[in-house]
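Below is one structure; the comments refer to it alone.
Please treat every number below as a calculation from the coordinates, not as lab data. Just so you know, these numbers come straight off a predicted model, no measurement behind them. Neighbour counts run over all protein chains shown; Cβ positions are idealised from the backbone, glycine included.
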Amino acid sequence: MISVPVRVNPDLRPSRLVTGVATYVWRSIKIICRIFVVYQPLRFFFILGSIPFAAGFLLLLRWLVLFLFFLEPGRTWLPSLVVRRSCC
């Protein structure tokens with residue numbers, strides 16, 4: 001058996017491809033999202049649109065429960081449907 005010494009070349013300059021793990025992960029996430037949008041746009045926009053739809057549906061469901069089961073004369077429960085955002 002012969003022993004062969006293994007040497008490592010020194011770094012001559014920093015890498016131009018990847019500056020760090022976080023940069024590599026962020027770049028990969030962007031590429032995966034771009035591929036997903038290009039090749040499966042219906043699924044992507046369905047998932048993206050289902051989030052605000054679900055929030056609106058839950059508000060509507062709450063309003064229906066209040067309107068149908070907690071009947072008070074003269075009360076419409078309309079403010080429970082309105083979601084305000086704080087304005088500047």
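Assorted remarks:
- The trypsin sites (Lys or Arg not before Pro) of region 1-55 meeting both criteria, a DSSP state outside H, G, I, E and B (loop) and at most 10 other C-beta atoms within 10 angstrom of the site's C-beta, are ARG7, ARG16.
- Alpha carbon convex hull of region 13-66, volume per residue in cubic angstrom: 83 Å³
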